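Report on the structure given below.
The values are calculated or read from the model by the stated rules, or taken from the named source; none is laboratory data. A quick note: this is a predicted structure, and the numbers were derived from the prediction, not measured. FYI the Cβ positions are ideal-geometry reconstructions off the backbone, even for glycines, and counts take in every protein chain you see. When the accessible area is computed, the model is the full protein with side chains, heavy atoms only, and any ligands, DNA or RNA have been set aside. Shrake-Rupley method; radii C 1.70, N 1.55, O 1.52, S 1.80 Å.
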Amino acid sequence: MEREIKKVFTSLPHSGRHWDILIEALGSQTEIARAAHDDTANVINGIKDADTAILAGDISREVLDASLCLRWVHCDHSGVNNSAHPEIFQRGIFLTSSAGRSASVLAEHIFFLMLSLIYNSRLLEQQQRDHNWNNLYRESRGLYSKTIGIIGMGHTGKALAARAKAFGMNVLGYARSIQSASPGADRMWFADNGDTINELLAQSDIVVLTVRLCDETYHLINERTLALMKRTAYLVNMARGAVVDENALYKALLSKTIAMAASDVFTQEPLSNDSPLWDLPNFVLTPHCTPEVPDLALSGLNIICENIRRYREGKELLNCLTARDVYTRNR
């Protein structure tokens, strides 16, 4: 069944060529309202009678409550757990994201973190400062032939799997459903089949989190699951901070339950100055930032424009969340 787009509200900051692409996709018959994403009063005013919202960030509960006619909300970024309000799904509103627009560089970032752990970059830097010529790697081995376990086989997980195979790694994967199966994985488990992450954790030398944060995945990595990992294993979190119980992770690193960990994401961002994670010698962090793909705005627009077409034609939307993705832990 075809669907109409009569009025769109957008907070995208685009101009020039990028704005023209969006206007062309929407068509001349579509009314457009626009405001800066942080201008809450004008966002509410513009969105209250819009049927479609294309947003630079998440939709707050305040803005959602003010919207009377919304049928589709698109958030132009990847992890949209802060938009996955129960009311979105209760009202039957489509919620989509621009997941995948940065998958290639996120996979690179994961390799940076894995290699930082493998090559003990923190100690290497200290040795350089100390003018200390010492072989750090007598007992260590590179990524080649190691087993990587990827929890979350979406865009980034699949990109990571392909790169891991190029490095000669054995790839294990865990996904929600068989629809997320990856040809880059040597073995996969699926939540919808009743599988757990337990076998993957036990077999992996490096566990990487690229899973969506929702109520199902909140504190997926905790004291129990960390204890299932090899004592020589590494954990890398490129998902969202709350997928990991950070207190349990700190204790596991301190007690050497696992060998090392790295993360680009944290439950509280910026990471609190008094967080004990800062000073752990076996922990590497980056401040939730990654180098961009060559044209990030265009990558997001390609997804948006394709979804505009699909929405009007009544087809399944790209990156469309379901009630299973609801996130209430931060409410």
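Which of the pairs Lys165/Lys315; Lys165/Lys230; Lys6/Lys158; Lys165/Lys256; Lys158/Lys230 have their Cα atoms more than 32 Å apart in this structure? Provide the component values of the computation, followed by the final result.
Numbers: Lys165/Lys315 34 Å; Lys165/Lys230 21 Å; Lys6/Lys158 36 Å; Lys165/Lys256 28 Å; Lys158/Lys230 24 Å.
As for pairs spanning more than 32 Å Cα to Cα, those are Lys165/Lys315; Lys6/Lys158.
If you split all Cα-Cα distances of segment 266-323 into 10 Å bins from zero, what percentages do you get per bin, shortest first? Final binned percentages: 17, 26, 23, 23, 10, 1.
Structural size metrics of segment 90-129, computed from C-alpha coordinates, are Rg and Dmax of 18.5, 58 Å.
Derived scalar couplings between HN and Hα for segment 36-42 equal 5, 4, 8, 8, 4, 4, 6 Hz in order, rounded to whole Hz, by the Karplus curve 6.51 cos²θ - 1.76 cosθ + 1.60 (θ = phi - 60°), x for Gly and Pro.
How much accessible area per residue does segment 279-331 have, in Å², with a 1.4 Å probe? The partial results should precede the final answer.
On the way: 2780 Å² over 53 residues.
Normalised by residue count, the accessible surface of segment 279-331 is 53 Å².
Full extension of the chain between Cys289 and Asp65 yields a length gain of 77.5 nm, computed as 0.36 nm times the residue separation minus the alpha carbon distance. Just the protein heavy atoms count here, and of the accessible area of the chain at 1.4 Å, carbon and sulfur take up 51 percent. Farthest towards the positive end of the charge dipole of the chain, among the residues Leu113, Met229, Leu55, is the Cα of Met229, using unit charges on the Cβ of Lys, Arg, Asp and Glu.
Taking 0.36 nm per residue of separation and subtracting the Cα-Cα distance, what length does fully extending Asn198 through Arg329 add? Please list the in-between numbers first.
Working: separation 131, 0.36 × 131 = 47.16 nm, distance 2.38 nm.
Extra length from Asn198 to Arg329 when fully extended: 44.8 nm.
For segment 198-298, the Cα-based Rg and Dmax, in that order, read 13.9, 46 Å.
The Cα-based radius of gyration and maximum Cα-Cα distance (Dmax) for segment 160-229 are 12.1, 35 Å. Starting from the Cα of Asp49, move 7 Å in the Cα-to-Cβ direction to define the label point; list residues of segment 58-77 whose amide nitrogen is under 16 Å from there. Residues 66-71 fall inside that zone. Inter-part distance, segment 294-311 to segment 147-183, computed on C-alpha centroids, equals 24 Å. Here segment 49-95 is described by how far its Cα atoms reach on the three principal axes: 25, 19, 18 Å, from widest to narrowest. Solvent-accessible surface of segment 93-236, taken per residue with a 1.4 Å probe and all protein chains present: 49 Å².
Take every Cα pair under 8 Å in the chain that's 6+ residues apart, average their separations, divide by the length, and report that relative contact order as a whole percent. Walk me through the intermediate numbers first.
On the way: 613 pairs, mean separation 60.3, N = 331.
With pairs under 8 Å counted, the relative contact order is 18 percent.
Taken along its three principal axes, the alpha carbon spread of the chain comes to 68, 46, 36 Å, from the longest extent down to the shortest. Diagonalising the gyration tensor over the Cα atoms of segment 1-124 and scaling each eigenvalue by 5 before taking the square root yields semi-axes of 34, 18, 14 Å, largest first.
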